[in-house]
Structures are given as C-alpha cells and as structure tokens.
1. As an exercise, identify the GluC sites (Glu not before Pro) in segment 3-50 lying in DSSP coil whose Cβ has no more than 11 other Cβ atoms within 10 Å.
2. Tell me, which longest segment in the chain has none of the chymotrypsin sites (Phe, Trp or Tyr not before Pro) that fall in DSSP loops with at most 13 further Cβ atoms within 10 Å?
3. Give the order of S37, S4, S47 when sorted by the count of other beta carbons within 10 angstrom, beginning with the fewest.
4. Nearest 10 degrees, 0 to 90: what angle lies between the long axis of helix 44-63 and the longest principal axis of the chain (Cα atoms)?
Amino acid sequence: MLESRKNLTRFTYENAAFEGWRLCVSRAGTTFTKYFSDKKYGSGKKSLAAAEDTLEKLLIIVEQSRRINGKLSKTTTEKVNQLLKNA
C-alpha cells in the first residue's frame, strides 16, 4: 500500500474524482502545492515517482535560494512555480 510521507500526501477516495498524490512544501512564508493524479501518470507508483522527483528538485531550488527579509525571493518563487507547472 502506498503511504503518505513528508511533503507528500496520498489521496484515495472511493467516491471522489481525484486519486493521487499532493506535494505540499512551506518555506519562508510561501507554500507550494501540486497534485499528481494517478490517472494522468498511469498508476499510484508512477504518480508517486513524479511527485518525488519534483519534490527533490523543488527542495534544491528553495534550500539554495537567497532570502530577502526572511522571505523567498520573487525569482525563487517564479522558478518553483515554473517547475510545478511543467511537472
């Protein structure tokens, strides 16, 4: 069985339209969220693999970024949003 892990939550509802994984990361006052549907990726394992790959890339961008007054820079936020859009 596929279980949730840090920053990745499994959604499986018998009567709902969505089954898959939700990636959610909050850093320096900004939250990034992306849903990875089993339907789009072909299976729970494939959607999890896509979510894990995206999470790894997202964390690298965020952890290596500069902070401006304790917040993520606009450039960093744009980079992460583009990564999520293309995932």
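1. Numbers: sites: E3, E14, E19; in loops: E3, E14.
Answer by residue number: E3, E14.
2. Working: sites that count: Y13, F18.
Longest run free of exposed loop sites: 19-87.
3. Working: S37 15, S4 11, S47 22.
In increasing order of surrounding Cβ atoms, one gets S4, S37, S47.
4. Value to nearest ten degrees: 10.
Values quoted throughout were computed directly from the atomic coordinates according to the rules given, and no laboratory measurement underlies them. Keep in mind it's a predicted model, so treat the numbers as computed, not measured. Cβ: placed from backbone, ideal geometry, glycine included. Neighbour counts: every protein chain shown.
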